[in-house]
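The values are calculated or read from the model by the stated rules, or taken from the named source; none is laboratory data. Since we're looking at a predicted model, the values are computed, not measured. Heads up, the Cβs are rebuilt from the backbone with ideal geometry, glycines too, and the neighbour counts pull from every protein chain shown.
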Amino acid sequence: MTRRGASALIGAHLLVTWLAFALRIDQFPLTWAPMYAVQPDRDTRVWTVVLTDRARTESIGWRAVRADGGAERVVRGDLNVSAPVAGRLYFQRTFGEPPPRYRHKNSGGATLDRWLLGIAPGAPMLAANWEQRVLTTVNGTLGRSPGEDLFIVELCADRVEMDFDSRTLRKLGERQQSACARWRREWDAELE
């Protein structure tokens with residue numbers, strides 16, 4: 001390769017990389033990691049965390065209501081997923097919390113990519129219906145389809161949210177939270 005060819009290759013690489021940076025293309029193929037991250041604001045006096053008791057997904061799991069009105073428990077072993085995946089499904093997705101990729105992409109203010117796409121600053125760029133996704137995933141893994149008596153129409157989860165003083169890390173309190181993902185009839189057509 002000639003000196004001029006090497007210079008052109010390096011120049012093209014820099015142009016493509018900086019263009020990806022300007023357009024906020026997350027997980028760009030020429031980089032090792034996502035280009036953007038979201039650092040939550042820690043200036044508050046109270047720091048809130050969710051107790052992610054992994055044993056809960058093993059032994060208790062979701063409270064499930066089937067289409068025939070019956071109830072059952074769905075635990076990690078039924079879904080054949082790893083403990084971290086079950087924890088994210090149970091403690092985050094069931095409660096409507098998106099994965100980091102969605103939070104990162106949706107965190108931008110007035111950026112060049114939003115301007116080019118005609119999206120207002122702060123408006124979500126990626127959106128998903130987590131209720132539908134959790135129910136579709138669980139029913140699909142269990143081999144159940146809409147219209148069957150064993151099809152799960154409701155999944156409920158419980159978790160504990162705890163507050164700590166951000167300076168001393170002294171526990172200030174805790175509260176129980178519950179969330180239920182409910183199947184809607186209009187989603188039936190998407191699975192058929």
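The table that follows gives values for the structure above.
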| read-out | value |
| --- | --- |
| Selection within region 127-154 - outside any helix (DSSP H, G or I) and closer than 20 Å to Gly70 by Cβ | Gly143, Arg144, Ser145, Pro146, Gly147, Glu148, Asp149, Leu150, Phe151, Ile152, Val153, Glu154 |
| Looking only at region 111-152, and only at residues there that are over 20 Å from the mean Cα position of the chain (by Cα) and acidic (Asp, Glu), the one that is modelled with the lowest pLDDT | Asp113 |
| Which numbered condition Gly108 fails, given (1) small (Gly, Ala, Ser); (2) at pLDDT below 80; (3) exposed (fewer than 14 other Cβ atoms within 10 Å of the Cβ); (4) in contact with a helix residue (DSSP H, G or I) (Cβ under 8 Å, 6 or more places away or on another chain) | (3) |
| Subset of region 54-80 (residues that are touching a residue at least 24 places away in the same chain (Cβ under 8 Å), β-branched (Val, Ile, Thr) and farther than 17 Å from Gln132 by Cβ) | Thr57 |
| Any chance Thr48 is at pLDDT below 85 and either surrounded by 11 or more Cβ atoms within 10 Å (Cβ to Cβ) or closer than 21 Å to Gln177 by Cβ (or both) | no |
| Residues within region 165-192 that are assigned to a strand (DSSP E or B), closer than 25 Å to Ile60 by Cβ and either in contact (Cβ under 8 Å) with a residue 24 or more places away in the chain or in contact with a helix residue (DSSP H, G or I) (Cβ under 6 Å, 6 or more places away or on another chain) (or both), tallied | 6 |
| Residue in region 130-144 that is touching a Pro at 6+ places or on another chain (Cβ under 9 Å) and not polar (S, T, N, Q) present | yes |
| Ala86 being in contact with a helix residue (DSSP H, G or I) (Cβ under 8 Å, 6 or more places away or on another chain), under 24 Å from Val49 (Cα atoms) and at pLDDT 90 or above | yes |
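Residue-by-condition table, conditions (1) under 14 Å from Val160 (Cα atoms); (2) modelled with pLDDT of 90 or more; (3) part of a loop (DSSP other than H, G, I, E, B); (4) touching a helix residue (DSSP H, G or I) at 6+ places or on another chain (Cβ under 6 Å):
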residue	(1), (2), (3), (4)
Asp41	no, no, yes, no
Ala55	yes, no, no, no
Asp68	no, yes, yes, no
Glu72	no, yes, no, no
Gly77	no, yes, no, no
